[in-house]
Structures are given as structure tokens and as C-alpha cells.
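Student: Following this message is one structure expressed as C-alpha cells.
The values are calculated or read from the model by the stated rules, or taken from the named source; none is laboratory data. This is a predicted model, so every value here is computed, not measured. Every residue, glycine among them, receives a Cβ derived from its backbone with ideal geometry; neighbour counts consider all protein chains shown.
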Amino acid sequence: MAIKDFEKALEIDPKYSEAFFHLGKSRLASKDVMQAEKDFKKALDMSDKPEIYEGLGLCFHMKQEYEEAVNHFTDAISKDPTNVQFCRSLSRCYYDQDKFEQSITCLEKARALLKEPDANVYYELGLSLFAERQYKKCLKTLKEALKNDPHESFQPDIYYHLGLAYCREEKFEKAIFPLTKCIDRIPSDIRYTHERAKAYQMIEMHTEAVADFNTVIKRNPQNAHAYFRRAFSLKALKEFA
């Protein structure tokens, strides 16, 4: 419906760059990347607004043409260095290329620009720090995300990475709480139950570990790793058969 309205606006005024820009955004949201790119380019012919460069960057990012995407996001930032969203877009582009150091740099800049805390920035920064194996910083950053009212859809993943980071730091007892939070929110995701089972096992809570491994195996009978780990907990419980 938005696309139809913007197209109608352009019938009235074919040189209305704002309509081309929003038409491009609407097409991008509809996954019509090729047409969105054309709309953003038409908007750019009429205006030099930085958000148009970001729109083009998003098109190239979606097409996995990362070099072009980085160039456009960088252009957007150079035209408006105070825009947090541009830094986030560039960071995600680097993250998807496994360039986690560059992703962290972008998000650190975004965080410095914030006038008030933004859970999304802390969440994305936490993921990049985890990927770069900076677990202590990751824990601190994801806790900041939770303090600032993150969207419900992000909360399980925040708790999941908190649990994983605690495990990487060999603080398995501390991992139980966030992993349980994941399970409470999305009990159908067996990744959460599997990770909690492993944490239970590492602190020798083998009865609880077996219960979690049982759940994982029931939902995925082909999970060899869960069988293997469950055997160790059963052995510790002297259930040798």
C-alpha cells in the first residue's frame, strides 16, 4: 500500500526525491532489492541526503556485495558523522563478513554518540565482542542491554550469549540463570536446553544435566553430541547400564 501511494505521489511530481527515497525503503522492506536500488539512485540524482547513501548500502548488503555496501555506508557517515543508525548499518555489514574488530569499532563509535542508552547498540556490540572472544566485555555490555529495556524478540538471544560467555569464562554456575531465562521464553529452542545441560554437567549437577539431555534427545534423536554428554552424566550417577 505504501508503494502504491509513493508511486502516485511521483505521478504528480516525478522530481520528488523524498518520494523516491521512501519508495526505495518500502521496496527494500518488501525484499524487492533490485527495484529499491533503482529508486535510491533516482533519489540520489535529485538529492545528496546521507540517508539515501545508507539505503543504497542496505541494498548492496542484502545482495552480499559487501565492498559496495561498505562504501555507501561510509559515504553516509562522512555526510552525517553523528548518525548512530549509519554506524550500526556499517557494523552489521562488517559482522556479516566476520570482520568483528571493525564491527566493534563502529558500535563503540555509535555508543559514544548516544545521548541516552540504546539497548540495540549494546546488544549488537555484545554479539561482536562475543564473536571476537572478548567475553568479559561481552558480559558487561549485554548486561547493559538488559538494563535498557531491549525488545522482547532480542531478549532470549541476549540471555543465550550471556550464558555462553559465562561458559567460555568457565563460570558455569553463573551460566545457569541466563540459560534458564532463554528456556522460559522459547522452550522449543533446544540450543538453550543443550547449553544448560552442559553447564549443569560442568558443575556436577548430573541429575539436572540428564533431564536436559533427555529433552534435547527427545526433540532431536539424531543429536550424537547430546548422547555422548549424557553418557558422562549417567556414569557419574553410577547408572552404568
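Student: List pairs: first in the stretch 180-204 and surrounded by fewer than 16 Cβ atoms within 10 Å (Cβ to Cβ), second hydrophobic (A, V, I, L, M, F, W, C) and modelled with pLDDT of 95 or more, Cβ under 6 Å, 6+ apart or cross-chain?
Tutor: From residues that are surrounded by fewer than 16 Cβ atoms within 10 Å (Cβ to Cβ), the pairs are M202/F172; I203/F172.
Student: Assess whether T141 counts as being out of contact with any Gly (no Cβ under 6 Å at 6 or more places or on another chain), assigned to a helix (DSSP H, G or I) and not aliphatic (A, V, I, L, M).
Tutor: Taking the combined requirement at face value, the residue does not satisfy it.
Student: Test S89 against the criterion of being closer than 28 Å to Q155 by Cβ and modelled with pLDDT of 95 or more, and give yes or no.
Tutor: Yes, satisfied.
Student: Oh, and also: Looking at K109, is it out of contact with any helix residue (DSSP H, G or I) (no Cβ under 8 Å at 6 or more places or on another chain) and in a helix (DSSP H, G or I)?
Tutor: no
Student: Within the stretch 11-31, can you find the residues that are more than 19 Å from E51 (Cα to Cα) and either under 30 Å from the mean Cα position of the chain (by Cα) or part of a helix (DSSP H, G or I) (or both)?
Tutor: Residues satisfying the conditions are E11, I12.
Student: Then there is this: Every residue in the stretch 55-96 that is surrounded by fewer than 16 Cβ atoms within 10 Å (Cβ to Cβ), of a type in the set (S, T, N, Q) and outside any helix (DSSP H, G or I), please.
Tutor: Answer for the stretch 55-96, where residues must be surrounded by fewer than 16 Cβ atoms within 10 Å (Cβ to Cβ), of a type in the set (S, T, N, Q) and outside any helix (DSSP H, G or I): Q64, T82.
Student: Please pick out the residue among A2, A112, A29 that is surrounded by fewer than 15 Cβ atoms within 10 Å (Cβ to Cβ) and closer than 25 Å to F130 by Cα.
Tutor: A112
Student: Still on this structure, I have one more. With respect to the numbered conditions (1) under 20 Å from P150 (Cβ atoms); (2) not in a helix (DSSP H, G or I), which one is the sole condition not fulfilled by L125?
Tutor: (2)
Student: What number of residues within the stretch 167-194 satisfy the criterion of being farther than 20 Å from S153 by Cα and in contact with a Cys (Cβ under 8 Å, 6 or more places away or on another chain)?
Tutor: Looking only at that region, the number is 1.
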